[in-house]
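Heads up: the structure comes next, in structure tokens.
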Amino acid sequence: MHFDSPEAVSAALKSAQYLPDARISQVVFLADRLSKPVLVEGPAGVGKTELAKTMAIVTGRDLIRLQCYEGLDEAKALYEWNYKKQLLRIQSDVDHDWDTISHDIFSEEFLLTRPLLAAIRSPDPVVLLIDEVDRVEIETEALLLEILSDFQVSIPELGTMVAATQPLVFLTSNNTRELSEALKRRCLFLHIDYPDPEREEEILAARVPGLAEHLASQVAKVARSIRGLDLKKAPSISETIDWARTLLALSIEQVDEEVLGDTLHVLLKYQTDIEKAAKELTSSGR
Amino acid sequence: MLPVITGFVDELRRSGVPVSMVEAIDAMKAVEAIDLSERVALRETLRATLVKNLRHERAFDTAFDVYFSTVPALAEEDADSLDQAQPGGEVSDPESGAQAPAFDLEALVDSLLEALEGLDAEALRRGARDAVDNLAGMEPGRPVGGTYYLYRTLRRLDMDDLEEQLTEALLADNDLTEFERRLLEEEIETRLEMLRREIEEEIRRRLVADRGRDAVARTLRRPLAEDVDLMHATRAELAEMEAAIGPLTRKLAARLARRRKRRTGRLDFRRTVRRSLATGGVPVDPQFRYPRPHRPEVWLLCDISGSMATFSRFTLQFTHAMSTHFSRLRTFAFVDTVDEVTEFFGPGVDFGSAVDRITTEAEVVWLDGHSDYGNSLETFYSRYGRQMTSRTTVIITGDARNNYRPARDSALSEVARAARAVIWLNPEPHAYWDTGDSAMSHYARHCTSVHEVRTLRQLEEFVENLTLPSARPLQNA
Ligand SMILES: Nc1ncnc2c1ncn2[C@@H]1O[C@H](COP(=O)(O)OP(=O)(O)OP(=O)(O)O)[C@@H](O)[C@H]1O
Ligand SMILES: [Mg+2]
């Protein structure tokens, strides 16, 4: 089943408490239509991972997640032979000749399936999330490239496996490293930035039940204001959500200087940032 | 539809955005899957398929505005008419002739205020069109840029007055605290910016109709962030470049560490056999030996004199970002003498305060505050030379403009002898080296390599191609 329009994507995401903007729903719509992977880039905590997770929910598909890290290799990303089991099999079998045994030990039973292979072999379409792809080395990127271009792998001992169904693929990146041009060419590119206050207000309304509209609007505006400062770490969406929850728990109805001073540490993680924001916000701009 | 997309792709390429053949074809295919009357859908579809780097989005937006300026107006018409925006086309709606009602500025301001207050995008667009019709005084064929008409319109609208009135309208109660006032000011600023953008777009639309896409696109082309001259970058341009610095330093760190990574390590036979004893001699758990990464030691020596102001801000930013990747990074700043500033960049220090401390606390001026490379290098070597090892890479950034003082380059040859490598990055065009008071070639002969780094692109190329003489191995590790 495909989505009819970007609006349909948007409505589906919203029904699962994810508030997309026009760009997000347009790109997801295209990804679904054209069966192309999406490379989602943006600062921490703007909803990159959450987008893939929510797409799995709204399409009713399984989410297969490959979490990337430095040193991730083929054996952990694609497949690996279970050599311990193979060795034990060889050890315990003295009656058969080598041909039989080797045929035997390179069979399904001894194959350890890792996320990429799992996504290809799944009989039902899945959402494949390759999270934080900028963390892997360039060599591993080449491996991803191979798979993303035709959704198939060849395992020398077993032959080529072609994806039975088309997975919806999301790759996320914090852009700590420039990804290869080849990989980018394969993907639709989606940069997600911090939301504008109107969308952030909607996110808060969805994620923090019971939050008064007026307070949500204040929280969103404060977040925009703080993100405009030159800080070490700007508040992410999850941090504004936390902040709103804190305000709600403290039964605060109105954000003022005092509340700000008492609760800024929920929004900001570094002491220098907290001091800077407190100073800036409590003096009129310009 | 095809030709206009092709034209658009060409324009992107002319502004420096790399668009491959495959991507152009992808864009065409994607466009077939969408509703062409939706401007946002078209824009985001082209963006997602054609632009894969955040730094190129500004160029994309400008080109899009020019090439698809007529899209919303054509909503109900055949999309093919997109190709017809050629010089001499109809500028505004046909009715705006003799029968047009007399223009009423006050009424326009009122309706704009209402639109801004209620955040009514449609009304805002109508107001902007009205404003351009009556206030911009656009004359077909007149060779002035859009900015001229924009300012004329804004001045006649009296933006200050508009701001005041909008503030009054949005002011819920009168005694706001400083904090509330700030939030309100920011809100008003955002809304006025929306109006400004609408007017700008409207003007652009008419310029395109008057002169044709290609001509307008040409006047609007700006260098991409990676091609802006670092010595003369504006603040906004610097900010744009800064975003690229993080990924770049990470790559540099990897290059310097030169970890020759193989897919897997070599089998460590001894350890494998030892382990197998536990499983009755069956090597169930093979052990591998991985090549160990170098621990590079980098010393940065930056000219922070006045002639280098913009560039040194950039290099210091680079340094700041590097300090997260190198445990052994030392930084030195110099004007006519040198001082170590490593501690100003400690972990978690904010960049602004590091720069403040360098300018106030570092002792980099000894005599008169004009660059003196000779003295700086001599002081550098005599003070820190003994701490250099065969693993130290020294990177010097500066224009080598020595104010006609003697080069005194022998200290640099000592540095080169002691260190693993000396790399010089010069932000001036190669053609200017050795002209006037530049002593570049005196220093260059002692360096492992010298690079012109005037732009972010050149810095990226330098990092990309960097190979260093390998450090003398200490022991066989
Ligand atoms: N559009 C949105 N609608 C609703 N909630 C959102 C949205 N975007 C982000 N969030 C909230 O923010 C949280 C953080 O998002 P997420 O973990 O996806 O960030 P990320 O971009 O993957 O960050 P990182 O780069 O740190 O991995 C989510 O768990 C969700 O609660
Ligand atoms: Mg994430």
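Values quoted throughout were computed directly from the atomic coordinates according to the rules given, and no laboratory measurement underlies them. It should be emphasised that the depicted structure is a prediction, and the values quoted were computed from it without experimental measurement. Because the Cβ atoms are built from the backbone with ideal geometry, glycine has one as well, and the counts that use them run over all protein chains shown.
GluC sites (Glu not before Pro), restricted to the range A:20-125: which are DSSP loop and have at most 12 other Cβ atoms within 10 Å?
A:Glu70
Just in the range B:354-433: which chymotrypsin sites (Phe, Trp or Tyr not before Pro) are loop by DSSP and have at most 11 other Cβ atoms within 10 Å?
B:Tyr404
Report the extension gain between A:Thr263 and A:Leu112 in nm, rounded to one decimal, defined as 0.36 nm multiplied by the number of residues separating them, less their alpha carbon distance.
Working it through step by step, the gained length comes to 49.5 nm.
Do the alpha carbons of any pairs in A:Lys53/A:Lys269; A:Lys221/A:Lys279; A:Lys53/A:Lys221 sit beyond 20 Å of each other, and which pairs?
Result: A:Lys53/A:Lys269; A:Lys53/A:Lys221 exceed 20 Å.
With the cut-off at 18 Å, report for the range A:197-281 the share of all Cα pairs above it, as a whole percent.
34 percent
Considering Cα pairs under 8 angstrom that are at least six residues apart, work out the relative contact order of chain A and quote it in whole percent.
Once normalised by length, the contact order is 22 percent.
Please compute the average number of Cβ atoms from other chains found within 10 Å of each residue's Cβ in peptide B:175-184.
The per-residue average across the peptide is 6.
Using bins 10 angstrom wide from zero, how does P(r) for the range B:2-68 break down, in % of all Cα pairs?
P(r) for the range B:2-68, in whole percents per bin: 22, 64, 15.
For chain A, what does the helix formula give at 222 nm: sum of -39500 (n - 2.57) over DSSP H segments with n ≥ 4, over the residue count, nearest 500 deg cm²/dmol?
The helix-only estimate for chain A comes to -15000 deg cm²/dmol at 222 nm.
Please state, as a whole number in µm²/s, the translational diffusion coefficient that the Stokes-Einstein equation yields for the protein assembly as shown at 4 °C and 1.567 mPa s, with Rh defined as the Kirkwood radius across alpha carbon pairs.
43 µm²/s
Counting only other residues whose beta carbon sits under 10 Å from that of A:Leu211, what net charge do I get with K and R as +1, D and E as -1?
The answer is 0.
Angle, helix A:48-59 long axis vs. longest principal axis of chain A, Cα atoms, 0 to 90°, nearest 10?
Approximately 70 degrees, to the nearest 10.
Using a Förster distance of 45 angstrom, determine the FRET efficiency expected from the C-beta separation of B:Asp356 and B:Asp10, and round it to 0.05.
After rounding, the FRET efficiency stands at 0.45.
Run the numbers for B:Arg271 and B:Val40: contour at 0.36 nm per residue of separation, minus the present Cα-Cα distance, in nm.
Full extension from B:Arg271 to B:Val40 adds 77.0 nm.
Can you spot the lysines whose alpha carbon is less than 29 Å from A:Lys85's alpha carbon? Ignore those fewer than 8 places along the same chain.
A:Lys76, B:Lys261
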